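Written below as structure tokens is the structure these notes are about.
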Amino acid sequence: LLIISMFNVPLDNDNIYKWMIISVLVGTIPIIFISFFKYYKNEDKIKNNKLLLMFPLGIGISLFYNMLTINLLTNKEVTELPLIVVIMYTGILGPIFEELLFRYFSLNKAKEMFGKKKAIIYVAIFFAFMHSGFVSIIYAFIIGLVLGYIYLKNRNIVYPIMIHISANITSIFLKSFNIYLLIISIFLLIISGYFLKKIDK
């Protein structure tokens, strides 16, 4: 955005797609790869059965909260960008970058300063206020608590990344309330919670 403003480039539908691609190639992807290669070796080993449970957990959280609040979003954001671009940014790259920033870097540092419980809460608040709109802020705070807890309990950033990706991609496709989706969300939360608890025994 700084580069665009410096050169006075108009943000119309014809060129914003190109600028988004450039920003990914120049900014986001290098940061993600540098972070992973430099720091990931310090993380605990992934348990594949537990990793698989991150997907239904993320989907369940997203479905449940969206079904309860979707009617409150009277000005739900509409974009003309291609779906693949929205999925790439909002569904994949955004969650990876945010988890590295908020959970890996910020939460680890906050844990040293305040202890685990306070660190999870403080970082979740910070994460929430990086969003806009009351409903989005509350949702970000709730999922921030979950992501922080999951990360500190399992000590591998891939777990919260998978939850975040599955939750964000699910949200992209939710347009209106559906009682069956609400029921499915409750089922997914119960099942994923049950098996996560069972694995940790």
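The values are calculated or read from the model by the stated rules, or taken from the named source; none is laboratory data. Computed from a prediction, not measured in an experiment: that's the story for all the values here. Positions of Cβ are generated from backbone atoms using ideal geometry, with glycine treated the same way; all protein chains shown enter the neighbour counts. Heavy atoms of the whole protein, side chains included, go into the accessibility calculation; ligands, DNA and RNA do not. Shrake-Rupley method; radii C 1.70, N 1.55, O 1.52, S 1.80 Å.
Can you give me the Rg/Rh ratio for the stretch 119-195, using Cα atoms for both radii and the Kirkwood formula for Rh?
On the way: Rg = 13.4 Å, Rh = 13.7 Å.
Rg/Rh: 0.98.
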Q) Which values of log₁₀ I(q)/I(0), to two decimal places, follow from the Debye formula for the stretch 53-201 at q = 0.10, 0.19, 0.21 Å⁻¹ with a uniform point scatterer at every Cα? A) -0.34, -1.22, -1.42
Q | Accessible surface of Lys153 - all protein chains present, 1.4 Å probe, nearest 10 Å² | A | 100 Å²
Q: Using the heavy atoms of the protein chains and a 1.4 angstrom probe, tell me the accessible area per residue for the stretch 135-177 in square angstrom.
A: 35 Å²
**Q.** Of all accessible heavy-atom area on the stretch 81-182, the percent that carbon and sulfur account for (1.4 Å)
**A.** 73 percent
Q: For the stretch 77-131, compute Rh as the Kirkwood radius over C-alpha pairs and then the Stokes-Einstein diffusion coefficient at 20 °C and 1.002 mPa s; write the answer in µm²/s, rounded to an integer.
A: 171 µm²/s
(Q) If you count only protein heavy atoms and use a 1.4 Å probe, how large is the accessible surface of Lys50, to the nearest 10 Å²? (A) 10 Å²
Q: Measure off 7 Å from each Cα along the Cα-to-Cβ vector at Ile179 and Ile92, then give the distance between these two points in nanometres to one decimal.
A: 3.7 nm
**Q.** Simple spin-label estimate for Ile34 and Asn71 in nanometres, 7 Å along Cα-Cβ
**A.** 4.8 nm
Q. Where does each of Glu43, Glu98 land when they are ordered by accessible area, with a 1.4 Å probe and the largest first?
A. Glu98, Glu43
Q: For Ile172 and Tyr149, compute 0.36 nm times the residue count separating them, minus their Cα-Cα distance, and round to one decimal in nm.
A: 5.8 nm
